[in-house]
Amino acid sequence: MQPHVFPAMSWFITFITTIFICGSALVLANDDERYVNCSNSFDCGDVKGVGYPFWGSNRPDYCGYPELKLDCSDQDPEITIEKLTYKVLDIDNQTRTLRVARKDYAENICPTLILNTTWIPNLLNYTSDDQNITIYYGCPAQGALITSTFLPQFPCEINATEMTGYFTAFANLSVLGSSASSLISYLASCNDSIIVPVRESAFQQILSTPTAAQLLGSLNQGFGLEWNASNSLCDACQLSGGQCGYNQTTTAFTCYCKDQPQQFSCQQSPTNDQSSSMSSCLLLCFFSADVTLGVNRKTDNLYLDSALCRTQDMSSSKLGNGRSRIFANRKLTSCQSRKP
(Lines give C-alpha, C1' and ligand atoms only; values in the text may rest on other atoms or scores of the structure.)
Protein backbone atom coordinates (compact mmCIF):
# COMPACT_ATOMS: atom_id res chain seq x y z
CA MET A 1 0.00 0.00 0.00
CA GLN A 2 2.95 2.40 0.52
CA PRO A 3 3.51 3.14 -3.20
CA HIS A 4 0.05 4.74 -3.30
CA VAL A 5 0.68 7.00 -0.28
CA PHE A 6 3.47 8.99 -1.98
CA PRO A 7 1.39 10.21 -4.99
CA ALA A 8 -1.44 11.27 -2.70
CA MET A 9 0.93 13.12 -0.40
CA SER A 10 2.74 14.81 -3.28
CA TRP A 11 -0.53 15.96 -4.76
CA PHE A 12 -1.66 17.33 -1.37
CA ILE A 13 1.62 19.16 -0.76
CA THR A 14 1.61 20.67 -4.26
CA PHE A 15 -2.02 21.76 -3.88
CA ILE A 16 -1.39 23.47 -0.53
CA THR A 17 1.75 25.18 -1.87
CA THR A 18 0.05 26.58 -4.95
CA ILE A 19 -2.94 27.76 -2.92
CA PHE A 20 -0.62 29.53 -0.50
CA ILE A 21 1.31 31.23 -3.31
CA CYS A 22 -1.81 32.26 -5.20
CA GLY A 23 -3.56 33.41 -2.04
CA SER A 24 -0.60 35.58 -1.09
CA ALA A 25 -0.47 37.07 -4.56
CA LEU A 26 -4.18 37.87 -4.49
CA VAL A 27 -3.87 39.57 -1.10
CA LEU A 28 -0.94 41.65 -2.31
CA ALA A 29 -2.96 42.57 -5.41
CA ASN A 30 -5.82 44.09 -3.37
CA ASP A 31 -6.36 47.84 -3.75
CA ASP A 32 -5.14 50.18 -1.02
CA GLU A 33 -7.75 50.52 1.76
CA ARG A 34 -7.69 54.31 1.65
CA TYR A 35 -8.26 54.28 -2.10
CA VAL A 36 -11.25 51.97 -1.67
CA ASN A 37 -12.79 53.93 1.23
CA CYS A 38 -12.42 57.30 -0.50
CA SER A 39 -14.15 55.82 -3.55
CA ASN A 40 -17.33 55.75 -1.46
CA SER A 41 -19.74 58.64 -1.68
CA PHE A 42 -21.73 60.40 1.04
CA ASP A 43 -25.47 59.84 0.56
CA CYS A 44 -28.14 61.33 2.80
CA GLY A 45 -31.71 62.10 1.85
CA ASP A 46 -31.86 63.95 -1.46
CA VAL A 47 -28.15 64.77 -1.39
CA LYS A 48 -26.21 61.93 -2.99
CA GLY A 49 -22.89 61.19 -4.64
CA VAL A 50 -20.85 63.58 -2.51
CA GLY A 51 -17.09 63.03 -2.48
CA TYR A 52 -13.95 65.11 -1.88
CA PRO A 53 -13.39 67.50 -0.13
CA PHE A 54 -16.13 66.26 2.20
CA TRP A 55 -16.04 63.29 4.54
CA GLY A 56 -18.37 61.61 7.00
CA SER A 57 -20.54 58.51 7.28
CA ASN A 58 -18.75 55.80 5.24
CA ARG A 59 -16.03 58.21 4.17
CA PRO A 60 -13.17 58.32 6.76
CA ASP A 61 -11.61 61.61 7.84
CA TYR A 62 -8.62 61.19 5.50
CA CYS A 63 -10.98 61.48 2.52
CA GLY A 64 -11.64 65.19 3.03
CA TYR A 65 -10.68 68.35 4.88
CA PRO A 66 -11.17 68.28 8.68
CA GLU A 67 -13.53 71.28 8.59
CA LEU A 68 -15.82 69.74 5.97
CA LYS A 69 -17.39 66.85 7.83
CA LEU A 70 -20.93 65.94 6.79
CA ASP A 71 -23.49 64.35 9.11
CA CYS A 72 -26.82 62.74 8.35
CA SER A 73 -29.59 63.56 10.83
CA ASP A 74 -33.04 62.09 10.06
CA GLN A 75 -32.13 61.99 6.35
CA ASP A 76 -31.07 65.62 6.47
CA PRO A 77 -27.42 66.26 5.60
CA GLU A 78 -25.71 68.75 7.90
CA ILE A 79 -22.40 70.53 8.21
CA THR A 80 -21.10 72.37 11.28
CA ILE A 81 -18.78 75.35 10.78
CA GLU A 82 -17.52 77.44 13.69
CA LYS A 83 -20.24 76.28 16.14
CA LEU A 84 -23.02 76.85 13.61
CA THR A 85 -24.88 73.90 12.13
CA TYR A 86 -26.21 74.28 8.61
CA LYS A 87 -28.65 72.12 6.75
CA VAL A 88 -27.12 71.12 3.42
CA LEU A 89 -29.75 71.68 0.75
CA ASP A 90 -27.67 70.83 -2.29
CA ILE A 91 -24.11 70.02 -3.37
CA ASP A 92 -22.97 70.49 -6.96
CA ASN A 93 -19.71 68.67 -7.69
CA GLN A 94 -19.42 70.21 -11.14
CA THR A 95 -19.50 73.84 -10.02
CA ARG A 96 -17.99 72.96 -6.63
CA THR A 97 -20.73 74.76 -4.74
CA LEU A 98 -23.08 73.84 -1.93
CA ARG A 99 -26.26 75.50 -0.74
CA VAL A 100 -26.84 75.63 3.00
CA ALA A 101 -29.34 77.13 5.42
CA ARG A 102 -28.78 77.96 9.07
CA LYS A 103 -30.48 75.34 11.19
CA ASP A 104 -31.07 77.74 14.10
CA TYR A 105 -33.34 79.79 11.84
CA ALA A 106 -35.41 76.83 10.69
CA GLU A 107 -38.49 77.80 12.76
CA ASN A 108 -38.02 81.38 13.98
CA ILE A 109 -35.74 84.38 13.63
CA CYS A 110 -34.96 84.54 17.35
CA PRO A 111 -32.31 81.86 17.95
CA THR A 112 -31.14 81.03 21.47
CA LEU A 113 -27.54 81.80 20.58
CA ILE A 114 -26.95 84.82 18.36
CA LEU A 115 -23.97 84.16 16.13
CA ASN A 116 -22.74 85.66 12.91
CA THR A 117 -22.63 83.51 9.82
CA THR A 118 -18.99 82.56 9.29
CA TRP A 119 -16.98 80.57 6.82
CA ILE A 120 -13.48 79.17 6.54
CA PRO A 121 -11.10 81.55 4.69
CA ASN A 122 -9.36 80.09 1.65
CA LEU A 123 -11.64 77.07 1.74
CA LEU A 124 -15.24 78.31 1.54
CA ASN A 125 -16.41 81.56 0.03
CA TYR A 126 -19.74 83.15 -0.74
CA THR A 127 -20.98 82.89 -4.29
CA SER A 128 -21.82 85.85 -6.50
CA ASP A 129 -25.52 85.07 -6.00
CA ASP A 130 -25.43 85.85 -2.26
CA GLN A 131 -26.77 89.04 -0.71
CA ASN A 132 -26.58 90.06 2.94
CA ILE A 133 -29.40 90.76 5.37
CA THR A 134 -28.57 92.55 8.64
CA ILE A 135 -30.63 91.64 11.71
CA TYR A 136 -30.56 93.66 14.96
CA TYR A 137 -31.50 92.28 18.38
CA GLY A 138 -32.16 93.87 21.79
CA CYS A 139 -32.65 97.42 20.59
CA PRO A 140 -33.76 100.19 23.03
CA ALA A 141 -37.49 100.84 23.12
CA GLN A 142 -37.24 104.66 22.98
CA GLY A 143 -36.14 104.68 19.36
CA ALA A 144 -38.69 102.20 18.12
CA LEU A 145 -41.00 104.82 16.60
CA ILE A 146 -38.27 106.38 14.47
CA THR A 147 -36.77 103.09 13.40
CA SER A 148 -40.01 101.26 12.59
CA THR A 149 -40.83 103.95 10.08
CA PHE A 150 -37.88 102.86 7.92
CA LEU A 151 -36.97 99.34 9.01
CA PRO A 152 -39.18 96.26 9.48
CA GLN A 153 -39.69 95.47 13.17
CA PHE A 154 -40.37 92.12 14.89
CA PRO A 155 -40.88 91.05 18.51
CA CYS A 156 -38.38 88.61 19.91
CA GLU A 157 -37.96 86.53 23.05
CA ILE A 158 -34.56 85.02 23.70
CA ASN A 159 -33.80 83.11 26.91
CA ALA A 160 -37.02 84.39 28.51
CA THR A 161 -36.11 87.98 27.65
CA GLU A 162 -38.46 89.98 25.47
CA MET A 163 -36.85 92.40 23.05
CA THR A 164 -37.39 94.30 19.85
CA GLY A 165 -35.62 93.41 16.64
CA TYR A 166 -35.18 94.95 13.21
CA PHE A 167 -33.75 93.86 9.88
CA THR A 168 -32.68 95.59 6.72
CA ALA A 169 -31.60 94.57 3.25
CA PHE A 170 -29.67 97.81 2.76
CA ALA A 171 -25.93 97.49 3.14
CA ASN A 172 -25.64 101.27 3.40
CA LEU A 173 -28.34 103.02 5.42
CA SER A 174 -27.46 106.34 3.84
CA VAL A 175 -29.97 105.51 1.11
CA LEU A 176 -32.68 106.26 3.69
CA GLY A 177 -31.97 109.97 3.39
CA SER A 178 -31.86 112.57 6.14
CA SER A 179 -32.83 110.10 8.86
CA ALA A 180 -29.87 107.85 8.12
CA SER A 181 -27.55 109.30 10.76
CA SER A 182 -30.10 108.99 13.58
CA LEU A 183 -30.95 105.45 12.47
CA ILE A 184 -27.30 104.43 12.42
CA SER A 185 -26.80 105.92 15.88
CA TYR A 186 -29.86 104.14 17.25
CA LEU A 187 -29.00 100.72 15.75
CA ALA A 188 -25.51 100.97 17.18
CA SER A 189 -27.07 100.88 20.64
CA CYS A 190 -28.72 97.49 20.00
CA ASN A 191 -27.28 94.56 21.95
CA ASP A 192 -26.47 92.39 18.94
CA SER A 193 -26.41 92.51 15.18
CA ILE A 194 -25.62 89.74 12.73
CA ILE A 195 -25.28 89.40 8.98
CA VAL A 196 -26.99 86.46 7.28
CA PRO A 197 -26.60 85.84 3.52
CA VAL A 198 -29.54 84.87 1.32
CA ARG A 199 -29.91 84.08 -2.35
CA GLU A 200 -30.52 86.91 -4.79
CA SER A 201 -34.07 85.73 -5.52
CA ALA A 202 -34.88 85.62 -1.80
CA PHE A 203 -33.26 89.01 -1.34
CA GLN A 204 -35.62 90.53 -3.88
CA GLN A 205 -38.58 88.95 -2.09
CA ILE A 206 -37.54 90.64 1.15
CA LEU A 207 -37.30 93.99 -0.60
CA SER A 208 -40.78 93.63 -2.04
CA THR A 209 -42.35 92.18 1.12
CA PRO A 210 -40.29 93.26 4.17
CA THR A 211 -42.00 91.16 6.85
CA ALA A 212 -40.66 88.82 9.51
CA ALA A 213 -42.44 85.88 7.85
CA GLN A 214 -40.82 86.66 4.50
CA LEU A 215 -37.42 87.01 6.17
CA LEU A 216 -37.79 83.56 7.78
CA GLY A 217 -38.83 82.00 4.47
CA SER A 218 -35.88 83.59 2.68
CA LEU A 219 -33.43 82.36 5.31
CA ASN A 220 -34.70 78.80 4.88
CA GLN A 221 -33.97 78.96 1.15
CA GLY A 222 -30.33 79.05 2.11
CA PHE A 223 -27.34 80.61 0.40
CA GLY A 224 -24.44 79.40 -1.69
CA LEU A 225 -20.84 78.57 -0.83
CA GLU A 226 -18.09 77.57 -3.20
CA TRP A 227 -15.09 75.54 -2.12
CA ASN A 228 -11.47 75.80 -3.16
CA ALA A 229 -9.74 72.76 -1.68
CA SER A 230 -6.76 72.15 -3.98
CA ASN A 231 -9.19 71.83 -6.88
CA SER A 232 -6.52 71.62 -9.61
CA LEU A 233 -4.59 68.95 -7.69
CA CYS A 234 -7.76 66.92 -7.29
CA ASP A 235 -8.46 67.14 -11.03
CA ALA A 236 -4.99 65.78 -11.80
CA CYS A 237 -5.37 63.03 -9.23
CA GLN A 238 -8.70 61.87 -10.61
CA LEU A 239 -7.45 61.95 -14.20
CA SER A 240 -4.62 59.61 -13.18
CA GLY A 241 -7.11 57.15 -11.68
CA GLY A 242 -6.70 58.18 -8.05
CA GLN A 243 -9.02 59.33 -5.29
CA CYS A 244 -8.58 62.77 -3.71
CA GLY A 245 -7.95 63.00 0.02
CA TYR A 246 -6.28 64.86 2.84
CA ASN A 247 -3.22 63.81 4.83
CA GLN A 248 -3.86 64.53 8.49
CA THR A 249 -0.16 64.28 9.33
CA THR A 250 1.20 66.63 6.68
CA THR A 251 -2.03 68.69 6.62
CA ALA A 252 -1.90 68.72 2.85
CA PHE A 253 -3.67 67.28 -0.15
CA THR A 254 -2.89 63.68 -1.04
CA CYS A 255 -3.79 61.39 -3.92
CA TYR A 256 -4.81 57.86 -2.97
CA CYS A 257 -3.84 55.40 -5.69
CA LYS A 258 -4.67 51.72 -5.97
CA ASP A 259 -1.23 50.65 -4.80
CA GLN A 260 -0.25 53.45 -2.40
CA PRO A 261 -0.79 57.19 -1.73
CA GLN A 262 1.03 59.73 -3.88
CA GLN A 263 1.57 63.43 -3.32
CA PHE A 264 -0.27 64.69 -6.39
CA SER A 265 -1.22 61.95 -8.87
CA CYS A 266 -0.84 58.26 -9.59
CA GLN A 267 2.29 57.62 -11.65
CA GLN A 268 0.75 54.62 -13.32
CA SER A 269 -2.32 52.56 -12.81
CA PRO A 270 -1.44 49.21 -11.28
CA THR A 271 -4.62 47.61 -12.61
CA ASN A 272 -2.97 45.91 -15.58
CA ASP A 273 0.00 44.68 -13.55
CA GLN A 274 -2.25 43.29 -10.86
CA SER A 275 -4.51 41.59 -13.41
CA SER A 276 -1.50 40.08 -15.13
CA SER A 277 -0.09 38.80 -11.84
CA MET A 278 -3.41 37.34 -10.82
CA SER A 279 -3.88 35.65 -14.22
CA SER A 280 -0.37 34.22 -14.14
CA CYS A 281 -0.87 32.94 -10.63
CA LEU A 282 -4.15 31.26 -11.54
CA LEU A 283 -2.56 29.65 -14.58
CA LEU A 284 0.26 28.41 -12.34
CA CYS A 285 -2.25 26.95 -9.92
CA PHE A 286 -4.16 25.10 -12.64
CA PHE A 287 -0.96 23.96 -14.38
CA SER A 288 0.57 22.64 -11.16
CA ALA A 289 -2.60 20.86 -10.20
CA ASP A 290 -2.95 19.36 -13.67
CA VAL A 291 0.66 18.17 -13.75
CA THR A 292 0.36 16.70 -10.26
CA LEU A 293 -2.84 14.90 -11.12
CA GLY A 294 -1.33 13.67 -14.39
CA VAL A 295 1.75 12.27 -12.65
CA ASN A 296 -0.40 10.64 -10.02
CA ARG A 297 -2.64 9.05 -12.64
CA LYS A 298 0.34 7.72 -14.56
CA THR A 299 1.97 6.39 -11.39
CA ASP A 300 -1.26 4.76 -10.29
CA ASN A 301 -1.67 3.13 -13.73
CA LEU A 302 1.90 1.79 -13.64
CA TYR A 303 1.40 0.29 -10.20
CA LEU A 304 -1.96 -1.14 -11.27
CA ASP A 305 -0.40 -2.70 -14.39
CA SER A 306 2.44 -4.10 -12.29
CA ALA A 307 -0.02 -5.67 -9.89
CA LEU A 308 -1.99 -7.21 -12.74
CA CYS A 309 1.18 -8.52 -14.31
CA ARG A 310 2.22 -10.20 -11.08
CA THR A 311 -1.17 -11.81 -10.90
CA GLN A 312 -0.91 -13.00 -14.48
CA ASP A 313 2.63 -14.23 -13.84
CA MET A 314 1.44 -16.41 -10.99
CA SER A 315 -1.53 -17.65 -13.00
CA SER A 316 0.58 -18.66 -16.02
CA SER A 317 2.46 -21.27 -14.02
CA LYS A 318 -0.79 -23.12 -13.41
CA LEU A 319 -1.82 -23.35 -17.06
CA GLY A 320 -1.69 -26.90 -18.32
CA ASN A 321 -1.82 -26.99 -22.13
CA GLY A 322 0.84 -25.49 -24.39
CA ARG A 323 -1.45 -23.09 -26.18
CA SER A 324 -2.47 -21.44 -22.93
CA ARG A 325 1.16 -21.25 -21.84
CA ILE A 326 2.13 -19.47 -25.08
CA PHE A 327 -0.71 -16.90 -24.61
CA ALA A 328 0.27 -16.33 -20.96
CA ASN A 329 3.93 -15.89 -21.83
CA ARG A 330 3.04 -13.21 -24.39
CA LYS A 331 1.01 -11.30 -21.78
CA LEU A 332 3.83 -11.65 -19.26
CA THR A 333 6.40 -10.27 -21.76
CA SER A 334 4.08 -7.30 -22.45
CA CYS A 335 3.69 -6.59 -18.75
CA GLN A 336 7.42 -6.78 -18.09
CA SER A 337 8.08 -4.13 -20.75
CA ARG A 338 5.75 -1.72 -18.93
CA LYS A 339 7.15 -2.18 -15.43
CA PRO A 340 8.52 1.02 -13.85
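Taken as a whole, the condition of being at pLDDT below 95 and either out of contact with any Ser or Thr (no Cβ under 9 Å at 6 or more places or on another chain) or closer than 30 Å to Arg96 by Cβ (or both) does not apply to Leu219.
Please enumerate the residues belonging to region 237-266 that are open to solvent by less than 30 Å² (accessible area, probe 1.4 Å) and within 16 Å of the chain's Cα centre (by Cα). If the condition is that a residue be open to solvent by less than 30 Å² (accessible area, probe 1.4 Å) and within 16 Å of the chain's Cα centre (by Cα), then Cys237, Gly242, Cys244, Gly245, Tyr246, Phe253, Thr254, Cys255, Tyr256, Cys257 are the ones that fit. When Ile135, Ile184, Ile195 are screened for being open to solvent by 60 Å² or more (accessible area, probe 1.4 Å), of a type outside the set (S, T, N, Q) and in a strand (DSSP E or B), only Ile195 passes.
If we keep just the residues of region 198-214 that are within 42 Å of the chain's Cα centre (by Cα) and not in a helix (DSSP H, G or I), which is surrounded by the fewest Cβ atoms within 10 Å (Cβ to Cβ)?
Among those that are within 42 Å of the chain's Cα centre (by Cα) and not in a helix (DSSP H, G or I), it is Arg199.
Note on region 94-105: residues that are under 19 Å from Asn125 (Cβ atoms) and either among the hydrophobic types (A, V, I, L, M, F, W, C) or surrounded by fewer than 19 Cβ atoms within 10 Å (Cβ to Cβ) (or both) amount to 7. Applying the selection to region 158-206, what residues are under 12 Å from Tyr136 (Cα atoms) and hydroxyl-bearing (Ser, Thr, Tyr)? Of everything in region 158-206, those that are under 12 Å from Tyr136 (Cα atoms) and hydroxyl-bearing (Ser, Thr, Tyr) turn out to be Thr164, Tyr166, Thr168, Tyr186, Ser189, Ser193.
Taken over region 149-167, residues that are open to solvent by 100 Å² or more (accessible area, probe 1.4 Å), in contact (Cβ under 8 Å) with a residue 24 or more places away in the chain and part of a strand (DSSP E or B) amount to 1.
Taking the conditions exactly as written (over 30 Å from Thr80 (Cβ atoms) and part of a loop (DSSP other than H, G, I, E, B)), does Leu115 satisfy them or not? Let's see the steps before the verdict.
On the way: over 30 Å from Thr80 (Cβ atoms): no; part of a loop (DSSP other than H, G, I, E, B): yes.
No: the conditions fail for Leu115.
Does Leu293 satisfy the condition of being at pLDDT below 90 and surrounded by fewer than 12 Cβ atoms within 10 Å (Cβ to Cβ)?
Values: at pLDDT below 90: yes; surrounded by fewer than 12 Cβ atoms within 10 Å (Cβ to Cβ): no.
It is false that Leu293 is at pLDDT below 90 and surrounded by fewer than 12 Cβ atoms within 10 Å (Cβ to Cβ).
Residue check: Val36 meets all listed conditions (1) surrounded by fewer than 18 Cβ atoms within 10 Å (Cβ to Cβ); (2) among the aliphatic types (A, V, I, L, M); (3) at pLDDT below 95 but one, namely (3). Summed over region 54-93, residues that are under 10 Å from the mean Cα position of the chain (by Cα) and either modelled with pLDDT under 95 or buried (at least 19 other Cβ atoms within 10 Å of the Cβ) (or both) total 8.
The values are calculated or read from the model by the stated rules, or taken from the named source; none is laboratory data. Not measured: the values here are computed from a predicted model. For neighbour counting, all protein chains shown are included, and Cβ atoms are generated from backbone atoms with ideal geometry for every residue, glycine included. Remember, those area values only see protein heavy atoms, side chains included, never the ligands or the DNA or RNA. Shrake-Rupley method; radii C 1.70, N 1.55, O 1.52, S 1.80 Å.
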